[in-house]
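Scroll down for the structure; my scribbles are underneath it.
The values are calculated or read from the model by the stated rules, or taken from the named source; none is laboratory data. Quick caveat: nothing in here was measured; it's all calculated off a predicted structure. A quick note on method: Cβ atoms are made from the backbone with ideal geometry, for glycine too, and the neighbour counts reach across all protein chains shown. To get the accessible areas, we keep the full protein, side chains included, count just its heavy atoms, and leave off ligands, DNA and RNA. Shrake-Rupley method; radii C 1.70, N 1.55, O 1.52, S 1.80 Å.
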Amino acid sequence: MPNSTPSNVTNDDIIIIENCSKSFGEVVALSDINLRIRRGEVCFIFGPSGGGKSTLLRCINHLETIDSGRIVVDGIQLTEAKETIDQVRAEVGMVFQLFHLFPHLKVLENITLAQRVVRGRSKEEATEVALALLDRVGIPEKADVFPNQLSGGQMQRVAIARALAMNPRIMLFDEPTSALDAEMIQEVLDVMLDLAREGITMVVVSHEMGFAKAAADRMVFLSEGKIVEIGITSELFNNPKEARTKEFLDQILT
């Protein structure tokens, strides 16, 4: 298996993951992971279910703690100190599979709450930001409705707007379309494509290979807690070097 650290590392790496391992009891979720992600890069992580993809994202945002190794996010090394965790989370937006909107708050309130509590913005400023982002994700008319009045695609777009409202430097997407009906998937992918064109750093865990082809700079194949292969998107699609990568791509692309 090749060394999973890219050879073209630059001083502009915004996420540095070195020798990271994570287990849940006897189950090894991540094993000696090395990965560097450059500022402005769209990194697409794919692989079989249970391979460690979501765990890796959650470790970057310190929703899970690693057992060994180190993670540095925008120059800040993650430690157990609350101040460090808060610093990193203020710069990292995360969009989950199941939206995690507050059901008792209207859409506008869902997007303004963290702005006011974490960023210290006034109600007026937070509202202005929220309305602009709702327009950006294509649902400005939904500001005053509750989440249960939205479709799945609309809820995910609200979740993206809520994350963007914090002005993150990095966006993490954990299977953002997996809970959506087929007709709703493209509307979420379109928002993500727009973000990719704007140059925000994105780490995307997904099986949506069309998005990878359209937007990803590099792809990472993760299986059984290990990085099997990293490659520039076009090269990995057309000529994967590892047999396991080729086999997996053949299965999901046919």
Practice problem: Scan segment 118-138 for residues that are surrounded by 16 or more Cβ atoms within 10 Å (Cβ to Cβ) and free of Cβ contacts under 8 Å to residues at least 24 places away in the same chain and jot them down. | Solution: Arg121, Thr127, Leu131
Practice problem: Report, ordered by the first and then the second residue, all pairs with beta carbons closer than 7 Å, sequence separation of six or more or different chains, a first member in segment 149-160 that is among the aliphatic types (A, V, I, L, M), and a second member that is surrounded by fewer than 18 Cβ atoms within 10 Å (Cβ to Cβ). | Solution: Ala159/His100
Practice problem: Check whether at least one residue in segment 144-154 is open to solvent by 70 Å² or more (accessible area, probe 1.4 Å), assigned to a loop (DSSP other than H, G, I, E, B), farther than 14 Å from Ile45 by Cα and modelled with pLDDT of 95 or more, and report yes or no. | Solution: yes
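Yes/no matrix, rows are residues, columns are (1) touching a residue at least 60 places away in the same chain (Cβ under 8 Å); (2) open to solvent by less than 30 Å² (accessible area, probe 1.4 Å); (3) closer than 18 Å to Pro48 by Cβ; (4) of a type in the set (D, E, K, R):
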| site | (1), (2), (3), (4) |
| --- | --- |
| Ala216 | yes, yes, no, no |
| Val228 | yes, yes, yes, no |
| Asn238 | no, no, no, no |
| Glu247 | no, no, yes, yes |
Practice problem: Give segment 84-115 a look and list any residue that's of a type in the set (Asp, Glu) and either within 13 Å of Arg157 (Cα to Cα) or under 15 Å from the mean Cα position of the chain (by Cα) (or both), or say none. | Solution: Glu91
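Yes/no matrix, rows are residues, columns are (1) at pLDDT 95 or above; (2) not basic (Lys, Arg):
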{"residue": "Arg169", "(1), (2)": "no, no"}
{"residue": "Gln186", "(1), (2)": "no, yes"}
{"residue": "Leu193", "(1), (2)": "no, yes"}
{"residue": "Val220", "(1), (2)": "yes, yes"}
{"residue": "Gln251", "(1), (2)": "no, yes"}
Practice problem: Taking Met184 as the residue in question, decide whether it is closer than 19 Å to Phe96 by Cα, buried (at least 19 other Cβ atoms within 10 Å of the Cβ) and without any contact (Cβ under 8 Å) to a residue 40 or more places away in the chain. | Solution: no
